[in-house]
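One structure below.
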Amino acid sequence: MKILVIDVGGTHVKLLATGHRKRREFRSGAGMTAARMVTEARRVTADWQYDAITIGYPGPVRDGHPVAEPHNLGAGWVGFDFTKAFARPVRMVNDAAMQALGDYRGGRMLFLGLGTGLGSALIIDGVLAPLELAHLPYKHDRTYESFLGLRGLKRLGRKKWEKCVWDVVQRFKAALQVDEVVLGGGNAERLRALPPGSRRGENSRAFVGGFRLWEASPLVYRP
């Protein structure tokens, strides 16, 4: 089965299909509604053949559907019928969960996406569980995202921000009893050194996660 993977971001939507090596993309932003995303995705992939679709969504997803509108995009995502719009089967997961599945090597793994915000997902023995750790309280009446997200990086500076990353990785690693923590997202590259028990993820692995989602039952993957 040929799969089209759509990675929806706050500034760009990136696409890759089975059998192709070069991804395609188009700009998103505050005016990007669900209907417009479908129209643009179909336009830029008009010469690609695919049987099913995976969508990585920048927000919470439950039972394959978004349960909240995205912060950095237009409205109309909750309740939108993507299967009908694409005329193909669609599986949707949180974007951090999709990259986590792409970076997964086995065992118990926590993924933290250090980007504009803080994405998170947990995989235990092949079972994927998207998380929403970003808005839990951390310290000084602020959340984890306010320290590890882009605003925290700008407020604290790289050195203090990196110290917070180390602290949070150790806290979550101990609390969730994982074998490793994978640090992804655009700002993971800013880390001069990685916390013990962690490794850097590759953002391109999000597409691998999108393909893997169709290899077995949804949200379960055996490497």
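The values are calculated or read from the model by the stated rules, or taken from the named source; none is laboratory data. All of these numbers come straight from a predicted model, not from anything done at the bench. Neighbour counts are summed over all protein chains in view; Cβ atoms, including those assigned to glycine, are modelled from backbone coordinates with ideal geometry. Surface accessibility is based on the protein's heavy atoms, side chains included, excluding ligands, DNA and RNA. Shrake-Rupley method; radii C 1.70, N 1.55, O 1.52, S 1.80 Å.
Of the residues making up region 31-64, those that are crowded, with 16+ Cβ neighbours inside 10 Å and within 15 Å of residue 98 (Cβ to Cβ) number 9.
The number of residues in region 142-161 that are at pLDDT 95 or above and open to solvent by 50 Å² or more (accessible area, probe 1.4 Å) comes to 6. Within region 170-197, residues that are of a type in the set (S, T, N, Q) reach partners that are open to solvent by 20 Å² or more (accessible area, probe 1.4 Å) and modelled with pLDDT of 95 or more with beta carbons closer than 9 Å, at six or more positions or on different chains, in the pairs 170/196; 170/197; 177/108. Filter region 30-56 for residues that are within 15 Å of residue 83 (Cα to Cα) and of a type in the set (Phe, Trp, Tyr) and give the result. The answer is 50, and nothing else. Within region 69-94, residues that are of a type in the set (A, V, I, L, M, F, W, C) reach partners that are part of a helix (DSSP H, G or I) with beta carbons closer than 6 Å, at six or more positions or on different chains, in the pairs 77/34; 80/34; 85/38; 90/82; 90/83. Residues in region 74-122 that are open to solvent by less than 60 Å² (accessible area, probe 1.4 Å), closer than 30 Å to residue 191 by Cα and over 16 Å from the mean Cα position of the chain (by Cα): 106, 107. What is the residue count in region 129-164 for residues that are under 18 Å from the mean Cα position of the chain (by Cα) and either in contact (Cβ under 8 Å) with a residue 40 or more places away in the chain or in a strand (DSSP E or B) (or both)? Result for region 129-164: 4. Taking the stated definitions as given, is residue 33 within 16 Å of residue 90 (Cβ to Cβ) and β-branched (Val, Ile, Thr)? Judged against the criteria, residue 33 is not a match. Here residue 71 meets the list (1) of a type outside the set (Lys, Arg); (2) surrounded by 13 or more Cβ atoms within 10 Å (Cβ to Cβ); (3) modelled with pLDDT under 95 almost entirely, failing just condition (2).
Restricting region 21-42 to residues that are in contact with a helix residue (DSSP H, G or I) (Cβ under 9 Å, 6 or more places away or on another chain) and among the polar types (S, T, N, Q), the residue that is nearest to residue 72 (Cα to Cα) is 28.
Check region 80-95 and report whether any residue there is charged (D, E, K, R), closer than 25 Å to residue 180 by Cβ and in a loop (DSSP other than H, G, I, E, B). Lay out the reasoning, then the answer.
To start, the set of residues in region 80-95 that are charged (D, E, K, R) comprises 81, 84, 88, 91, 95.
Filter once more, keeping what is closer than 25 Å to residue 180 by Cβ: 95.
From the residues that got through so far, the ones that are in a loop (DSSP other than H, G, I, E, B) too are none.
No, region 80-95 contains no residue that is charged (D, E, K, R), closer than 25 Å to residue 180 by Cβ and in a loop (DSSP other than H, G, I, E, B).
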